[in-house]
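Data block below; observations after.
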Amino acid sequence: MRENWKPYLVTIILLASPLTFGWNQGEAAGADQKEIVLRAGNPSVKVNGTEIVLATAPKLIGNSIYVPIRFIGTQLGAEVQWLQQEKSVKYQTPEVNIQLWMNQKKAVVNGKEIMLETPPLNVQGTSMVPLRFVSENLGTTISFDSTTKEVTLASRYMNETSTYADGEYTATGLYGSLPSSITVTLSLDDDIIIAVQVTPHATNPISLDLQRRFADAVPAVVVGKRIDEVKVGRLAGSSGTPDGFNAAIQQIKAQAQEKADNL
């Protein structure tokens with residue numbers, strides 16, 4: 001099951017409470033197929049159709065949803081530990097060994113140091129990491145139901161084969177007679193846009209303002225959607241900037257498909 005998001009969600013973040021990491025490692029579930037359905041503000045979640053009530057409800061903060069990593073790790077068969085002295089989280093399965101530090105963009109995945117776009121944070125005793133990191137390293141895909149506002153995390157292999165290669169792509173879209181342009185950078189996971197950033201290039205103050213307003217508004221329109229379903233119309237008072245965005249999307253699709261063909 002993977003439906004279109006109507007995302008006002010730019011990033012989904014997994015969250016962990018250092019106060020609750022002292023759990024029994026034997027509770028970890030096996031690495032069977034899992035589908036976790038949740039909604040911001042509602043402590044009731046469903047795992048493969050079975051309802052479970054969380055001590056901490058998923059929460060929407062800004063453009064991000066936060067959920068308990070202890071719960072997610074348990075469902076994915078992981079061993080999760082909170083290291084109080086280091087202010088770090090360890091997430092371990094037979095396939096992956098991850099360590100994250102609070103307020104640092106550095107992470108270690110299977111012995112290799114990587115940099116996160118957004119550092120793990122501690123919010124009221126809770127630690128969190130960004131969706132892109134979760135999706136790329138914990139073997140899940142994420143989708144959004146625009147009717148119910150429910151977010152679904154699924155074991156990656158439960159989903160159909162992707163058309164486009166996962167990764168980050170950048171393209172510049174031209175529009176208008178001058179022409180004007182914007183640069184679009186987005187991340188794909190399982191054909192779904194999980195992050196997007198628009199860089200304005202206009203020098204005229206009015207045009208620059210329109211591009212900036214579009215850049216602020218577009219994540220809520222496209223993040224969580226399959227890239228093949230994205231075609232942005234007039235947005236944030238701008239009718240021209242969407243044409244540049246759509247042109248960049250076509251270039252990105254070509255890049256991602258070529259990369260997939262070469263894998």
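The values are calculated or read from the model by the stated rules, or taken from the named source; none is laboratory data. What you are looking at is a predicted structure, and each value in this text was computed from that prediction instead of being measured. We place every Cβ from the backbone using ideal geometry, glycine too, and count neighbours over all the protein chains shown. Just the protein is used for accessible areas: all its heavy atoms, side chains included, with ligands, DNA and RNA removed. Shrake-Rupley method; radii C 1.70, N 1.55, O 1.52, S 1.80 Å.
Per the 1.4 Å probe, what fraction of the accessible area of the range 208-263, in percent, lies on carbon and sulfur atoms?
44
For Asp166, what residues show an amide H to amide H distance below 5 Å, using hydrogens built from the backbone and excluding near sequence neighbours?
Residues meeting the amide H criterion: Asp190.
Just list whichever of Lys105/Lys225; Lys46/Lys105; Lys225/Lys253 have alpha carbons separated by over 25 Å in the model shown.
Lys105/Lys225; Lys46/Lys105
Could you work out how far apart the two model spin labels at Lys46 and Leu178 are, taking each label as a point 7 Å from the Cα in the direction of the beta carbon, and quote it in nm?
So the two model labels end up 4.9 nm from each other.
Computed over the Cα atoms of the range 134-263, what is the ratio Rg over Rh, Rh following Kirkwood?
1.01
Is the shape of the range 219-259 rounded, prolate or oblate, going by the alpha carbon gyration tensor and its root eigenvalues a ≥ b ≥ c, with a/c under 1.5 for rounded and a/b larger than b/c for prolate?
Since a/c reaches 1.5 but b/c is at least a/b, the shape of the range 219-259 is classed as oblate.
Could you compute the net charge surrounding Ala40? Neighbours are other residues with a C-beta less than 12 Å from the C-beta of Ala40; K and R count +1, D and E count -1.
Details: positive: Arg39, Lys59, Lys149; negative: Glu150.
Here the charged neighbours net out to +2.
Between Gln85 and Arg213, what length comes free when the chain is fully extended (0.36 nm per residue of separation minus the Cα-Cα distance, one decimal in nm)?
41.8 nm
Using per-residue counts of other Cβ atoms within 10 Å, averaged over each peptide, order 172-178, 223-229 from highest down.
223-229, 172-178
Using 7 Å Cα-to-Cβ label points, what is the Lys105/Lys231 separation (nm, one decimal)?
For the pair Lys105/Lys231, the computed spacing is 3.7 nm.
For the range 158-263, what's the relative contact order in percent, using C-alpha pairs closer than 8 Å and at least 6 residues apart? Intermediate results must be reported in sequence, preceding the final value.
Details: 195 pairs, mean separation 33.7, N = 106.
This gives 32 percent for the range 158-263.
How high is the FRET efficiency between Ala55 and Thr148 when r is their beta carbon distance and R₀ equals 22 Å, given to the nearest 0.05?
About 0.45, to the nearest 0.05.
Residue by residue, what Karplus-based ³J(HN,Hα) values in Hz, rounded to whole numbers, does the range 69-74 have, using 6.51, -1.76 and 1.60 with θ = phi - 60° and x for Gly and Pro?
Per-residue couplings from phi come out as 6, 4, 5, 4, x, 4 Hz.
Identify all lysines with a Cα-Cα distance to Lys112 below 17 Å; exclude those on the same chain that are fewer than 8 residues away in sequence.
Lys90
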